Amino acid sequence: MSASDQFGNGNHAILPSAVDLDALIRAEHRDPFSMLGPHSDGAEGQVIRAYLPNALAVRVLSRDGERELGELGMTDKPGFFAGHFPVREPYLLKITWATGEQITEDPYSFGEQLGEMDLYLFAEGNHRDLSSALGAQVKNVDGVDGVRFSVWAPNARRVSVVGDFNSWDGRRHPMRVRYPSGVWEIFIPRIGPGEAYKYEILGQHGILPLKADPMALATQLPPATASKVATPLAFEWQDSEWMQSRGEKHDIHQPLSIYELHAGSWKWHHGGEDEADRPYDWRELAENLIPYIKDLGFTHIELMPIMEHPFGGSWGYQVLSQFAPSARYGKPEDFAAFVDACHRSDIGVILDWVPAHFPTDVHGLAQFDGTALYEYANPHEGFHQDWNTLIYNLGRTEVHGFMIASGIHWLKNFHVDALRVDAVASMLYRDYSRNAGEWVPNRYGGRENLEAIDFLRHLNDVVAIEAPGALVIAEESTSWPGVSQPTQQGGLGFSYKWNMGWMHDTLKYIEQDPIHRQHHHSQLSFGLVYAWSERFVLPISHDEVVHGKHSLIDKMPGDRWQKFANLRAYFSFMWTHPGKKLLFMGCEFGQWREWNHDTELDWHFLQYADHKGVHTLVSDLNRLYRTEKALHEQDCQPQGFQWVIGDDAGNSVYAYLRWSKEGEPLLVVANLTPVPREAYRVGVPFSGKWVEVLNSDAEVYGGSNFGNGGGVRTDETKSHGQAFSLSLNLPPLGVVIFKPTVEQLQHEGQEHHEHHEHEEHHDHHDHHEQHGHQQD
């Protein structure tokens with residue numbers, strides 16, 4: 001018997017109360033599952049109800065589709081169908097639309113979807129694998145393929161998932177809320193990967209703009225803003241050798257040399273007449289970037305944020321999808337293939353990651369459920385004046401856990417080797433870039449953001465457990481103590497900190513006309529005063545070559561020849577200075593114009609000798625840095641550095657020794673004026689021949705080839721507190737690097753050992769004890 005025959009007879013059993021029905025039709029009902037789907041009739045049968053606006057008719061079939069069980073009658077509320085069936089059994093709905101027929105399981109016939117443990121861990125802020133729990137998950141439930149949607153919106157009055165599958169009609173798939181977590185969920189059968197979707201949320205004051213999924217694993221290509229259902233990442237990794245040895249490669253005594261790039265503006269694909277030029281996708285990048293990095297000798301690449309972001313001009317730093325690689329460069333699988341290819345070529349991959357703030361776009365996290373959910377409610381805490389963005393409220397356990405899970409997602413699911421955490425200083429201080437009266441003190445009345453500090457420490461502790469061997473690097477521009485100290489010792493627990501002070505001081509020095517450098521001598525050497533207070537990365541990053549700051553080559557003073565000589569000297573100084581290295585793309589060949597994210601680098605410059613020379617020098621510096629233990633083994637320890645000459649301001653000359661653990665030295669001498677200096681005496685610890693292993697003024701680099709004929713023998717003349725000395729030719733605006741010959745080292749090592757045994761009463765200082773005290 002059809003439902004329509006029954007409405008006058010036992011009407012109350014089939015139809016819900018008028019209040020409930022009105023709320024459902026207005027799309028304001030908080031618990032659609034209490035009304036829709038199958039409900040017991042109190043005996044052997046069931047009442048089935050469906051709300052399908054614009055449907056013409058609904059029939060009910062057995063679950064196998066073989067039998068017709070009856071129809072759901074249209075009530076006097078258009079789109080609301082109901083019927084009574086004497087036997088309780090699983091069923092299908094056969095819906096007649098104006099456009100055709102649809103056969104499907106009833107979404108409201110499925111029970112609760114998320115497990116209690118998932119909800120508990122999420123609410124506690126400890127769900128490490130959130131990306132496989134919340135959001136759109138492709139599932140098979142009770143033998144039925146479909147997608148489980150779930151989203152956190154605790155203050156919403158109703159949440160629906162909308163997409164092409166329901167004509168973006170928020171009345172069609174209202175979700176079930178799970179108390180007390182405030183997570184809404186629904187399983188929609190017979191849809192799958194590739195479906196675009198958003199959430200329609202009814203807040204306290206009406207319907208909000210459609211929201212993208214905070215947990216989306218894939219998105220539409222910007223400027224489109226919908227989330228996309230993604231298949232679980234199914235990628236055959238072939239990088240086990242790299243992953244197993246990564247911990248050793250990331251030891252602080254190993255070389256770390258990073259090439260920073262923006263994926264969308266490194267190199268472009270040039271189409272013919274029929275095809276527009278476009279940035280490389282992940283597979284094209286792998287094909288072209290990897291050999292380039294191998295040739296240049298960098299150990300790692302660092303990608304500016306590749307998480308989905310609406311505005312390309314933010315360079316990725318205004319992220320809206322913390323779990324989805326940007327659709328600009330391909331699918332998530334393509335990104336995985338890129339990382340895998342890097343690893344198989346022995347190149348590590350670092351991702352810039354932004355837990356500090358997010359953009360205000362209405363389809364994003366802002367006022368997500370009609371309240372400040374992800375951000376602080378008070379604009380003095382929650383609005384970032386510099387960037388017009390919103391600040392994550394990391395004191396909220398769910399937000400804290402959401403961001404921890406994002407970091408782990410990239411490290412575990414995509415095998416990423418390190419996260420470089422952006423804008424850490426803005427997270428640590430509540431008064432960051434704010435005037436008096438524009439910030440809210442912490443509970444002790446101080447300026448430190450206690451919840452952000454807890455978050456960063458927790459992040460670093462969790463990464464150590466969940467992604468062994470991975471690094472976490474802080475971009476932190478203040479003198480906050482213990483950024484790279486272990487959390488057990490009260491530090492923040494980062495692996496490294498960007499040395500912004502070194503970058504500012506040394507760039508300021510090198511931009512000076514050489515005639516004035518004598519008055520700024522300590523700017524170049526000041527970094528050595530605090531070089532071991534943290535584990536440092538020396539960063540020449542994208543921030544230094546934009547917004548009218550000039551490209552690196554264009555910062556250099558003098559004529560064209562001097563500009564290039566200065567640049568080569570600066571790189572040579574940087575690569576021999578304690579600290580790991582980072583260089584932004586384009587700097588390695590002296591690109592003249594500032595970086596522009598809307599086009600590729602100016603690759604044509606590589607055909608010119610002076611540009612090619614810089615490129616060759618960077619390659620040689622990386623090789624020297626990797627092969628010479630003196631340049632990397634004790635990067636983070638004072639024993640690895642010793643001043644020989646730190647006070648010759650008049651000549652703008654600096655000389656220092658770098659030491660390996662075994663006591664093998666390299667001598668570095670920098671002459672930072674355009675005057676060639678002959679017979680310049682420099683003290684050295686060992687006698688014999690010192691070989692010139694690199695000269696930044698060599699002809700092959702575009703220099704004048706003023707040097708030392710490949711090597712120099714020591715004199716017995718004592719100098720600079722050393723027993724021996726070298727008389728050197730110092731090239732103009734040049735850096736020369738020397739190494740004692742192997743036989744000499746062995747011989748001296750033996751003598752040195754005997755000397756110690758027989759004359760311990762002498763006031764003899766082993767070079768390992770000379771901690772590089774400032775001389776100027």
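The values are calculated or read from the model by the stated rules, or taken from the named source; none is laboratory data. Since this is a predicted model, take the numbers as computed values, not measurements. Using ideal geometry, Cβ is built from the backbone for each residue, glycine included, and neighbour counts are taken over all protein chains shown.
Just checking, does the range 656-675 include any residue being farther than 23 Å from H615 by Cα, buried (at least 19 other Cβ atoms within 10 Å of the Cβ) and over 39 Å from the mean Cα position of the chain (by Cα)?
No, the conditions are met nowhere in the range 656-675.
Quick check, is N622 more than 34 Å from the chain's Cα centre (by Cα), of a type outside the set (V, I, T) and outside any strand (DSSP E or B)?
Here the answer is no, as N622 does not meet what is asked.
Within the range 472-513, take every residue that is over 24 Å from D417 (Cα atoms) and in a loop (DSSP other than H, G, I, E, B) and give me the one that is farthest from the chain's Cα centre (by Cα).
Restricting to residues being over 24 Å from D417 (Cα atoms) and in a loop (DSSP other than H, G, I, E, B), the top hit is D513.
Can you tell which of R681, R677 is within 25 Å of L621 (Cα to Cα), at pLDDT 95 or above, touching a His at 6+ places or on another chain (Cβ under 9 Å) and basic (K, R)?
So the residue among R681, R677 that is within 25 Å of L621 (Cα to Cα), at pLDDT 95 or above, touching a His at 6+ places or on another chain (Cβ under 9 Å) and basic (K, R) is R681.
Kindly indicate whether V700 is within 20 Å of A569 (Cα to Cα), loosely packed, with under 15 Cβ neighbours inside 10 Å and not charged (D, E, K, R).
Here the answer is yes, as V700 does meet what is asked.
Select from the range 71-119 the residues that are in contact (Cβ under 8 Å) with a residue 40 or more places away in the chain and of a type in the set (S, T, Y) and write down the one among them that is nearest to I191 (Cα to Cα).
By that ranking, first place goes to T104.
Looking at the range 644-671, I want the residues that are assigned by TED's automatic domain parsing to the domain that holds N695 and without any contact (Cβ under 8 Å) to a residue 60 or more places away in the chain and have a partner that is in a loop (DSSP other than H, G, I, E, B) and charged (D, E, K, R) with Cβ atoms under 8 Å, at least 6 apart or on another chain. Which pairs are those?
These pairs meet every condition: S660/E628; S660/E633.
Step by step: first the residues of the range 516-539, then only those that are among the hydrophobic types (A, V, I, L, M, F, W, C) and at pLDDT 95 or above, then the one that is farthest from H250 (Cα to Cα). Which residue is that?
L538
Among the listed residues E398, E302, E333, E381, identify the single one that is acidic (D, E), in a strand (DSSP E or B) and in the same structural domain as D422 (by TED's automatic domain parsing).
Testing whether each residue is acidic (D, E), in a strand (DSSP E or B) and in the same structural domain as D422 (by TED's automatic domain parsing) leaves just E302.
Identify all residues within the range 282-311 that are over 16 Å from the mean Cα position of the chain (by Cα) and either farther than 21 Å from G348 by Cβ or touching a residue at least 60 places away in the same chain (Cβ under 8 Å) (or both); write none if there are none.
D295, L296, G297, F298, T299, P310, F311
The rows are residues; the columns are (1) of a type in the set (D, E, K, R); (2) buried (at least 21 other Cβ atoms within 10 Å of the Cβ).
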site: A136; (1), (2): no, yes
site: K139; (1), (2): yes, no
site: V144; (1), (2): no, no
site: V147; (1), (2): no, yes
site: V159; (1), (2): no, yes
site: R176; (1), (2): yes, yes
site: I188; (1), (2): no, yes
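Yes or no: the range 330-337 includes at least one residue that is under 30 Å from G446 (Cβ atoms), of a type in the set (A, V, I, L, M) and touching a Phe, Trp or Tyr at 6+ places or on another chain (Cβ under 9 Å).
No, there is no match, as no residue in the range 330-337 is under 30 Å from G446 (Cβ atoms), of a type in the set (A, V, I, L, M) and touching a Phe, Trp or Tyr at 6+ places or on another chain (Cβ under 9 Å).
Determine, yes or no, whether H611 is crowded, with 18+ Cβ neighbours inside 10 Å and either assigned to a helix (DSSP H, G or I) or in the same structural domain as G297 (by TED's automatic domain parsing) (or both).
Yes; evaluated as a whole, the condition is true for this residue.
Hey, does the range 584-594 have a residue that's surrounded by fewer than 19 Cβ atoms within 10 Å (Cβ to Cβ) and under 27 Å from the mean Cα position of the chain (by Cα)?
Looking through the range 584-594, at least one residue is surrounded by fewer than 19 Cβ atoms within 10 Å (Cβ to Cβ) and under 27 Å from the mean Cα position of the chain (by Cα).
Could you list, in sequence order, the residues of the range 709-768 that are of a type in the set (D, E, K, R), over 23 Å from M574 (Cα atoms) and modelled with pLDDT of 90 or more?
R713, D715, E716, K718
Is the range 251-262 home to any residue that is in contact with a helix residue (DSSP H, G or I) (Cβ under 8 Å, 6 or more places away or on another chain), closer than 30 Å to E544 by Cβ, surrounded by 14 or more Cβ atoms within 10 Å (Cβ to Cβ) and among the acidic types (D, E)?
Yes, there is a match, as at least one residue in the range 251-262 is in contact with a helix residue (DSSP H, G or I) (Cβ under 8 Å, 6 or more places away or on another chain), closer than 30 Å to E544 by Cβ, surrounded by 14 or more Cβ atoms within 10 Å (Cβ to Cβ) and among the acidic types (D, E).
What number of residues within the range 336-370 are in a helix (DSSP H, G or I) and of a type in the set (F, W, Y)?
Count: 1.
I want to confirm something. Restricting to the range 434-454 and keeping residues that are among the basic types (K, R) and either within 18 Å of W480 (Cα to Cα) or in contact with a Cys (Cβ under 9 Å, 6 or more places away or on another chain) (or both), which single residue is surrounded by the fewest Cβ atoms within 10 Å (Cβ to Cβ)?
My answer is R447.
State the number of residues belonging to the range 436-486 that are under 29 Å from I540 (Cβ atoms) and β-branched (V, I, T).
Count: 6.
Have a look at A649, A630 and point out the one that is out of contact with any His (no Cβ under 8 Å at 6 or more places or on another chain) and modelled with pLDDT of 95 or more.
None of the other options fit; the residue is A630.
Might you check whether a residue that is over 21 Å from L667 (Cβ atoms), assigned to a loop (DSSP other than H, G, I, E, B) and touching a Lys or Arg at 6+ places or on another chain (Cβ under 8 Å) occurs anywhere in the range 531-546?
Checked the range 531-546: at least one residue is over 21 Å from L667 (Cβ atoms), assigned to a loop (DSSP other than H, G, I, E, B) and touching a Lys or Arg at 6+ places or on another chain (Cβ under 8 Å).
Here is a list of conditions, (1) under 24 Å from the mean Cα position of the chain (by Cα); (2) hydrophobic (A, V, I, L, M, F, W, C); (3) at pLDDT 95 or above, and A196 meets all of them except one; can you say which number that is?
Single failed check for A196: (1).
Hey, can you tell me all the residues within the range 5-35 that are outside any helix (DSSP H, G or I), polar (S, T, N, Q) and at pLDDT 90 or above?
Within the range 5-35, just S17 meets the criteria.
Out of the residues in the range 455-470 that are in contact (Cβ under 8 Å) with a residue 40 or more places away in the chain and within 16 Å of P355 (Cα to Cα), state the one that is surrounded by the most Cβ atoms within 10 Å (Cβ to Cβ).
Filtering the range 455-470 for residues that are in contact (Cβ under 8 Å) with a residue 40 or more places away in the chain and within 16 Å of P355 (Cα to Cα), the one surrounded by the most Cβ atoms within 10 Å (Cβ to Cβ) comes out as L459.
Quick one: which of D346, D369 is surrounded by 23 or more Cβ atoms within 10 Å (Cβ to Cβ), in contact (Cβ under 8 Å) with a residue 60 or more places away in the chain and of a type in the set (D, E)?
Just one listed residue meets the conditions, D369.
How many residues does the range 666-697 contain that are of a type in the set (K, R) and closer than 14 Å to F738 by Cβ?
Residues in the range 666-697 being of a type in the set (K, R) and closer than 14 Å to F738 by Cβ: 2 in total.
Give the residues of the range 677-732 that are in contact with a Leu (Cβ under 7 Å, 6 or more places away or on another chain), touching a residue at least 40 places away in the same chain (Cβ under 8 Å) and closer than 30 Å to L606 by Cβ, sorted by residue number.
Hits for the range 677-732 are V693, L694, S696, Y701.
Scan the range 395-404 and give yes if some residue there is touching a strand residue (DSSP E or B) at 6+ places or on another chain (Cβ under 8 Å) and more than 30 Å from G206 (Cα to Cα), otherwise no.
The answer is no, given that none of the residues of the range 395-404 is touching a strand residue (DSSP E or B) at 6+ places or on another chain (Cβ under 8 Å) and more than 30 Å from G206 (Cα to Cα).
Could you please give the count of residues in the range 625-654 that are under 26 Å from I347 (Cβ atoms), in a loop (DSSP other than H, G, I, E, B) and touching a helix residue (DSSP H, G or I) at 6+ places or on another chain (Cβ under 6 Å)?
So the answer is 1.
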